[in-house]
Structures are given as C-alpha cells and as structure tokens.
Amino acid sequence: MSAKIEAIRQIARRLLSEGKVDMVIGFRRGTLPMMNEPCFIRKAEEADRLVWDSHCGINLANYVTDRKERVAVVAKGCDSRNLVNHIIENKIKREKLVVIGVCCDGMLDKRLIASRSREEAGAEVDAVEDANGQVTVKAGALIWQAPREELLQDNCKRCRHRNPVLCDELVGEPVAEKTEDDYEDVKRIEAMSSDDKWAHFEEMLSTCIRCYACRNACPLCYCPTCFVDESRPQWVGKSQDPIDIRTFHFLRAYHCAGRCTDCGSCERACPVGIPVRQFTRKLNKDCEELYGWQAGLSLDQRPALDTYSPNDPNDFIR
Amino acid sequence: MKVIHIHKTEWQGGLDKARSGYGLYGPVRQGQDDPVFRPLGPGEFPEMSFKNTKMSPKELVHPQSEPLFRYTLDPQAPDHDILKEVQKDASPKALLAVRPCDADAFLLVRRNFDTPVYKDPYWVTAYESFTKIGLACNQACSATAFCTSAGSGPFSDAGVDVLLVDTGDAYLAKVITEKGGQFLGACGFSAPAADGEARIASLREKAEATIASFVHTDKLREQATIELYDAPFWEDVSFACINCGTCTYSCPTCWCFDIQDETRGKQGVRMRNWDSCMYPLFTLHGSGHNPRGTKLHRVRQRFMHKLKYYVDKYQDGIQCVGCGRCIRLCPVNIDIRNVCNMMNGYTACACAAS
C-alpha cells in the first residue's frame with residue numbers, strides 16, 4: 001500500500017512543480033479509523049498530505065464537476081469510469097484533466113467491520129490493518145482477523161473494472177479483473193411478488209432521514225437544482241412522508257440509469273446504512289441485458305439512453 | 001442534594017408503577033446498532049447499557065416533521081380555509097436514560113425557543129411535558145466524545161431532573177429538581193443512599209478521566225468575527241463536504257426549521273420540518289438570491305454559528321455539547337474538533353495574505 005502512496009505523492013509533486021496542473025485532488029488521512037477525507041493540494045510541497053489505502057471509497061470524480069482549473073485527480077477504476085461519464089456529459093474538459101489512475105484492490109466495508117467488531121468485541125473499531133490479503137482489526141481489548149476479500153464493500157466484491165479505464169499516470173500494477181457480475185442480489189428481488197417487493201422497499205426506506213447524502217456523494221448528481229430542491233414549483237414534499245421518500249429514491253435511481261458505475265459512494269455515505277444500490281443495480285442490470293451497456297468504459301460511445309439509431313431493433317422507438 | 005438508592009432489581013417494578021402517571025420514553029435497541037429513543041409500550045423497558053443513542057432525543061421535543069395546523073379547502077365544509085391548531089400532547093412524560101450531553105443540549109436549544117420575548121408554544125409544551133432522567137456515562141462513549149471541553153461532561157446534571165449513576169448492582173439517583181423528585185416518588189423509590197454524593201463524585205472523576213478528546217475554545221470570543229469569516233482555511237475545511245446535512249440532523253443542538261404547507265386533495269397541513277444550513281434551499285430568498293449560495297458559505301455558516309455567533313450572542317460557551325455524532329456520521333470525515341481548534345487558534349496576518 002505504501003508504495004502506492006509514494007507513487008501518488010511523486011506524481012502530484014511533479015505535476016504541480018512542472019505547472020501541468022493547478023490542483024491535485026486526492027485523499028488525506030482521516031481522524032477516525034477507516035476514514036480518509038477528500039482533499040486538494042495546490043503546491044508541490046503539500047504532496048506529502050496525500051494518502052492511499054483501503055478506505056478511499058468516496059468517488060473523487062464528484063469533486064471535479066464543473067471545475068475550471070487544470071485538475072489532476074486520483075482515480076480508482078470506478079472513479080475513472082465516472083470521469084469518462086463526466087467528459088461525455090461535458091462536466092469537465094479532457095484536456096484540463098490529468099487522471100492519476102490507481103489499480104484498485106477493492107475498498108473495505110467500514111459498516112461491516114464496525115458491526116463485526118460490535119458482535120465480536122462489543123467495542124468500536126480502534127485500528128484496521130490491511131496486509132497480505134488479511135485484515136486485522138483492533139477493537140477495544142480484542143483483535144480479530146479476516147481475509148480482506150470477506151470484508152470488501154459489496155460493490156467491490158462484484159467489481160469488474162478495478163483498473164482505471166482512463167488514465168494519464170498509472171499507480172500500481174494492473175490487477176486481474178472479474179469478467180461477470182451474476183446480479184444475484186437483483187435477481188433475488190426481481191423474483192419477489194409485487195406485494196413482497198413493496199414491503200421490502202418500504203422496510204428498506206423506513207430509516208431514511210432525507211439527508212440526500214446518497215445523492216450528494218454521487219458524481220452523477222450535478223443538476224444545478226435537484227428536483228427535490230425545486231421550490232417554484234415544488235415537486236416533492238419536505239416531510240417524512242413515505243411517498244415523498246420513495247419518490248426521491250426511485251427518481252434518483254432513474255436519473256442514474258445507464259450512467260451508474262456502481263462505485264458504492266451512495267451506500268458508503270448513507271448515515272443510516274440503507275442499501276440504495278439495490279435500485280441502481282437493477283437499472284445497471286437492465287442496461288446490460290437490453291443494450292449490452294456498462295457506463296463509463298469508453299469516450300467514443302454515447303451512453304445507452306442518450307443515443308438513437310434508425311436501425312434500432314426495437315419497434316417502439318421507430 | 002438528595003441521593004436515592006435504587007437496586008437494579010427494583011428498577012423495572014418502579015417504572016411500571018410510574019406508567020399510570022407518565023408516558024415513558026427511552027432507548028430501544030434494534031439489532032447490533034446503537035439504540036434509538038421511542039415511546040415504551042406496556043412491558044417495554046429502556047435499554048440501560050449502551051454508549052449513546054444513534055440520534056439524539058431532540059426529535060421528541062422538536063420532531064423532524066411536526067404538524068402545527070390543519071385545514072380543509074372543501075368549500076362545503078363550514079370551517080374551510082381556516083387554519084386549525086393541532087392539539088399538542090402536554091401529558092406528563094418521562095425521558096429515561098438520556099445521556100448528560102443530550103440533556104444539556106436541550107438547555108442550549110431552549111435559548112432559541114423559550115426566551116423572555118418569544119416562546120415557541122410547540123417546543124415549550126413538549127419540553128415541559130418531559131421529566132428527564134439522565135444516565136451518567138461511567139466511561140467515554142467513544143474516542144470522538146469531547147464533552148468535557150465543550151461545557152458538558154459524562155456526569156453533567158445540567159438539563160436533567162434526576163441523574164442516575166450506575167454502580168453495578170444499583171443506581172444512585174441524584175435528585176436535581178422537584179419534578180425529578182416527583183417522578184422517583186411515583187416509582188416508589190425513596191431509600192436514601194449512604195455516602196451518595198461522595199460515591200458519585202468519585203465515579204465522576206474516574207469517568208471524566210476517560211474522555212480523551214478535547215477542543216480549545218478559550219479564544220473564540222476574542223476572535224474578530226470578520227477575520228474568522230474571511231479566514232483562508234474555509235476552502236480546505238469545506239472541500240470534502242457533500243452538503244448532506246447528516247451533521248446537523250444528528251446534532252442535538254441544531255435547531256433550524258422551515259415551515260411548509262402540504263395539501264393532498266382538499267386536506268392540508270401546515271408543518272415545520274428540520275432545516276439544515278447544508279442545504280441549497282436554506283436562506284434562499286424570494287428573489288432567488290441566496291447569501292449562502294455555495295458549499296463554502298454553508299459549511300462556514302455551520303461552524304461560525306456554533307463556534308462564533310452563538311458564543312458571542314449568549315456568552316456561555318459553544319453551541320455544541322461534544323457528543324461526537326457529527327464526527328462519527330460524517331461520510332467524508334469533516335471533524336468539528338479540528339475546525340474548532342483552527343478557529344480558536346487563528347491569527348489573521350501572514351496566513352491571510354499567503
């Protein structure tokens with residue numbers, strides 16, 4: 001891990017001292033275990049602030065949206081796919097962007113580690129070490145261990161694009177990629193009856209506090225005014241009414257259709273642990289089945305839902 | 001001050017006796033997660049062994065969504081187009097096992113809702129209906145708790161009517177107010193504790209020693225407001241923020257709200273909802289202008305309000321009790337301790353120029 005940190009710092013130092021970019025966006029060490037804070041540096045001598053480890057799950061593409069400076073950004077596989085999205089959707093200019101791609105081993109699931117620590121040690125996590133495929137967690141008086149593959153975020157366990165799909169600088173050695181996602185989680189919900197699905201989503205959203213952290217952590221959500229924040233006219237109520245809560249979650253997911261890279265930032269950011277990826281993954285699965293489309297893999301192809309061909313095989317659109 | 005001895009075997013029986021006179025509210029655990037406050041049904045008892053609740057009990061007094069008036073737009077109805085006040089429940093309630101920081105927070109919030117000039121009837125009615133039974137923390141709830149340097153503490157009895165101290169097989173109940181004494185009376189708890197005050201003092205000292213995290217607040221008042229406002233660190237502080245508002249919703253001392261009318265069919269309700277300085281609609285003017293139009297403005301507002309404007313206005317410390325929830329729940333690890341220390345230690349001069 002520390003080799004990656006050193007490489008990121010060297011690249012950042014070089015890009016800034018050579019005047020290639022105005023700022024570098026990366027992570028700095030957090031104040032809590034399993035947390036790093038997105039940050040920027042503007043001077044080469046600040047490069048030593050940058051870190052990299054298994055707790056960089058927030059998607060940094062979210063921090064380059066509409067930036068006017070020349071920006072270098074540290075990007076794991078999913079972040080790089082969102083940068084591709086951003087370029088296609090004109091949220092950043094390719095020539096103003098330097099992608100410091102990091103070959104990613106997957107991010108650790110902080111919620112899972114915290115809850116296992118509670119179960120096994122009845123304590124908060126004090127420290128997490130991740131070396132040689134093994135994670136060692138210190139919680140109170142107890143130390144417990146598990147293979148890192150077990151403790152990865154769900155999206156990282158399923159990820160097929162850990163290596164950056166777009167980069168100008170590469171950190172680390174490319175890792176072997178999975179070739180398939182079985183979408184077993186989505187299929188399980190698809191198999192439910194309508195009533196069971198309704199009950200399932202009702203229960204799932206019952207703890208939502210409408211903070212919109214899922215939306216705000218997502219690089220896809222950059223509307224100048226989100227529909228839930230529109231006040232003239234106001235589309236959605238502001239209370240804890242379950243209808244408004246559902247409306248928000250369903251519409252948010254649909255706005256991400258054909259664009260979502262399953263980076264997991266939304267779930268990671270949710271303060272109450274709602275598995276919101278269940279919505280976006282259903283749409284990812286549909287896009288893949290209907291159009292053979294995965295978002296953010298190429299600068300040369302228009303996204304599934306923003307293209308039209310006279311030869312479209314479907315009747316409804318002709 | 002009177003200290004009552006309650007053997008733990010008597011605790012639930014006592015609460016059962018109190019049920020006829022009080023609605024009971026307390027922490028309830030759901031799965032592995034931290035407990036949440038809710039009304040206790042018959043046969044339900046408060047969780048007494050927990051660090052702190054996930055969210056603070058502020059929502060019991062200041063609900064996230066609270067109906068104030070109802071109305072009908074049906075022209076056939078005799079009372080159409082008339083706002084009718086929603087009756088508030090003023091019946092006596094007991095808030096059991098509230099942690100000292102969260103009880104203390106009610107006093108901070110009270111400064112906004114219950115002043116000599118303005119009394120918010122909804123907040124005041126709810127607040128006064130509660131008898132608050134505090135539960136002292138024998139040890140720090142988390143490495144992020146900094147209550148002792150935020151004007152509160154693990155044994156603080158500010159804002160509670162009774163403070164319970166867990167001694168293993170019993171609770172020492174320190175009676176702070178008459179209201180608290182009445183609740184203990186309703187429970188039938190009356191055995192005086194031998195050496196109560198001394199034992200509490202010694203446990204308090206041990207508990208305070210476990211608080212490992214601190215903020216510095218001594219220079220906040222003398223800082224010049226404009227210089228802090230213009231300090232160069234806000235871009236750095238706010239950069240990671242996603243403006244989700246989790247910090248403000250989880251904060252026991254954040255009190256901002258917004259009023260909305262919602263109509264469905266011909267029936268409507270005027271309600272007030274929690275607002276958050278993190279949101280783009282917060283302080284949005286009718287003209288479309290928002291003086292806090294960017295993330296930097298919003299983040300700065302949150303910290304300046306808690307750590308400067310409040311400090312200056314009320315001259316009684318910061319608008320924070322050090323519970324640490326905002327630090328633990330922030331998705332991007334923005335840490336109020338760092339920001340507080342930065343504001344406290346700030347010297348305008350070369351830094352501003354660089």
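Of all the residues that make up region B:199-246, how many are part of a loop (DSSP other than H, G, I, E, B) and open to solvent by 40 Å² or more (accessible area, probe 1.4 Å)? Final tally of qualifying residues: 12.
Is one or more of the residues making up region B:276-284 open to solvent by less than 30 Å² (accessible area, probe 1.4 Å) and either more than 11 Å from chain A (Cβ to nearest Cβ) or touching a Cys at 6+ places or on another chain (Cβ under 6 Å) (or both)?
The first filter runs over region B:276-284 and keeps only residues open to solvent by less than 30 Å² (accessible area, probe 1.4 Å), leaving B:276-279, B:282.
Now drop any that are not either more than 11 Å from chain A (Cβ to nearest Cβ) or touching a Cys at 6+ places or on another chain (Cβ under 6 Å) (or both), which leaves B:277.
Yes, there is a match, as at least one residue in region B:276-284 is open to solvent by less than 30 Å² (accessible area, probe 1.4 Å) and either more than 11 Å from chain A (Cβ to nearest Cβ) or touching a Cys at 6+ places or on another chain (Cβ under 6 Å) (or both).
Among the residues that make up region B:150-162, is at least one of them assigned to a helix (DSSP H, G or I), under 17 Å from the mean Cα position of the chain (by Cα), surrounded by 21 or more Cβ atoms within 10 Å (Cβ to Cβ) and modelled with pLDDT of 95 or more? First the steps, then the outcome.
Pass one, region B:150-162, residues assigned to a helix (DSSP H, G or I): B:150.
Within this subset, residues satisfying the condition of being under 17 Å from the mean Cα position of the chain (by Cα) are B:150.
Okay, now just the ones that are also surrounded by 21 or more Cβ atoms within 10 Å (Cβ to Cβ), so B:150.
Then keep just the ones that are modelled with pLDDT of 95 or more; that gives B:150.
The answer is yes, given that some residue of region B:150-162 is assigned to a helix (DSSP H, G or I), under 17 Å from the mean Cα position of the chain (by Cα), surrounded by 21 or more Cβ atoms within 10 Å (Cβ to Cβ) and modelled with pLDDT of 95 or more.
Which of the following residues is of a type in the set (Lys, Arg) and open to solvent by less than 20 Å² (accessible area, probe 1.4 Å): A:76, A:20, A:96, A:68?
Numbers: A:20 fails: open to solvent by less than 20 Å² (accessible area, probe 1.4 Å); A:96 fails: open to solvent by less than 20 Å² (accessible area, probe 1.4 Å); A:68 fails: open to solvent by less than 20 Å² (accessible area, probe 1.4 Å).
From the options A:76, A:20, A:96, A:68, the qualifying one is A:76.
It is to be established whether one or more residues within region B:69-84 are at pLDDT 95 or above, over 24 Å from the mean Cα position of the chain (by Cα) and polar (S, T, N, Q). Among the residues of region B:69-84, at least one is at pLDDT 95 or above, over 24 Å from the mean Cα position of the chain (by Cα) and polar (S, T, N, Q), which makes the answer yes.
The criterion of being touching a Lys or Arg at 6+ places or on another chain (Cβ under 6 Å) and either part of a helix (DSSP H, G or I) or within 16 Å of residue A:211 (Cβ to Cβ) (or both) holds for residue B:298.
Take residue B:265 and tell me if it is of a type outside the set (A, V, I, L, M) and either at the interface with another protein chain (Cβ under 10 Å from one of its Cβ atoms) or in contact with a strand residue (DSSP E or B) (Cβ under 7 Å, 6 or more places away or on another chain) (or both). Don't jump to the end; show me each part of the working.
Details: of a type outside the set (A, V, I, L, M): yes; either at the interface with another protein chain (Cβ under 10 Å from one of its Cβ atoms) or in contact with a strand residue (DSSP E or B) (Cβ under 7 Å, 6 or more places away or on another chain) (or both): no.
So residue B:265 does not fit the description; no.
Inclusion of residue A:4 among residues that are in a loop (DSSP other than H, G, I, E, B) and either open to solvent by 10 Å² or more (accessible area, probe 1.4 Å) or within 14 Å of another protein chain (Cβ to nearest Cβ) (or both) is not warranted.
Show me the helices (runs of 4 or more DSSP H) entirely contained within region A:183-232 in which 2 or more residues are basic (Lys, Arg) and loosely packed, with under 13 Cβ neighbours inside 10 Å. So the answer is A:184-190.
In region B:89-116, the residues that are in contact (Cβ under 8 Å) with a residue 24 or more places away in the chain reach residues that are of a type in the set (Lys, Arg) with C-beta atoms within less than 7 angstrom, at least six apart or across chains, in these pairs: B:95/B:132; B:98/B:132; B:103/B:132; B:105/B:58; B:109/B:58. Does residue B:334 satisfy the condition of being surrounded by fewer than 20 Cβ atoms within 10 Å (Cβ to Cβ), among the β-branched types (Val, Ile, Thr) and more than 17 Å from the chain's Cα centre (by Cα)? It is false that residue B:334 is surrounded by fewer than 20 Cβ atoms within 10 Å (Cβ to Cβ), among the β-branched types (Val, Ile, Thr) and more than 17 Å from the chain's Cα centre (by Cα).
Test residue B:327 against the stated conditions and say whether it is closer than 22 Å to residue A:124 by Cβ and either charged (D, E, K, R) or in contact with a helix residue (DSSP H, G or I) (Cβ under 7 Å, 6 or more places away or on another chain) (or both). Give the steps one after another, and end with the answer.
Numbers: closer than 22 Å to residue A:124 by Cβ: yes; either charged (D, E, K, R) or in contact with a helix residue (DSSP H, G or I) (Cβ under 7 Å, 6 or more places away or on another chain) (or both): yes.
Spelling it out, residue B:327 is indeed closer than 22 Å to residue A:124 by Cβ and either charged (D, E, K, R) or in contact with a helix residue (DSSP H, G or I) (Cβ under 7 Å, 6 or more places away or on another chain) (or both).
Within region B:1-26, residues that are over 18 Å from residue B:160 (Cα atoms) sit with their Cβ atoms under 6 Å from residues that are charged (D, E, K, R) and surrounded by fewer than 19 Cβ atoms within 10 Å (Cβ to Cβ), at 6+ positions apart or across chains, in these pairs: B:8/B:169. If you go through region A:274-310 and keep only what is of a type in the set (A, V, I, L, M), open to solvent by 20 Å² or more (accessible area, probe 1.4 Å) and assigned to a loop (DSSP other than H, G, I, E, B), you end up with A:297, A:299.
What strands (runs of 3 or more DSSP E) lie completely within region A:88-152 and have 1 or more residues being polar (S, T, N, Q) and at negative phi? Give the derivation first.
Working: elements: A:97-102, A:125-131, A:134-139, A:142-147.
By residue number, A:134-139, A:142-147.
Among the residues of region B:163-182, the ones that are assigned to a helix (DSSP H, G or I) and open to solvent by less than 10 Å² (accessible area, probe 1.4 Å) come to 1 in all.
Here is a check on your reading of the model: is residue B:65 under 17 Å from the mean Cα position of the chain (by Cα), surrounded by 15 or more Cβ atoms within 10 Å (Cβ to Cβ) and over 26 Å from residue B:178 (Cα atoms)? In short, yes. Exactly one residue out of B:140, B:145, B:126 is part of a loop (DSSP other than H, G, I, E, B), surrounded by fewer than 23 Cβ atoms within 10 Å (Cβ to Cβ) and touching a residue at least 12 places away in the same chain (Cβ under 8 Å), and it is B:140.
The values are calculated or read from the model by the stated rules, or taken from the named source; none is laboratory data. Predicted, not measured: the structure shown is a model, and the values here were computed from it. Positions of Cβ are generated from backbone atoms using ideal geometry, with glycine treated the same way; all protein chains shown enter the neighbour counts. When the accessible area is computed, the model is the full protein with side chains, heavy atoms only, and any ligands, DNA or RNA have been set aside. Shrake-Rupley method; radii C 1.70, N 1.55, O 1.52, S 1.80 Å.
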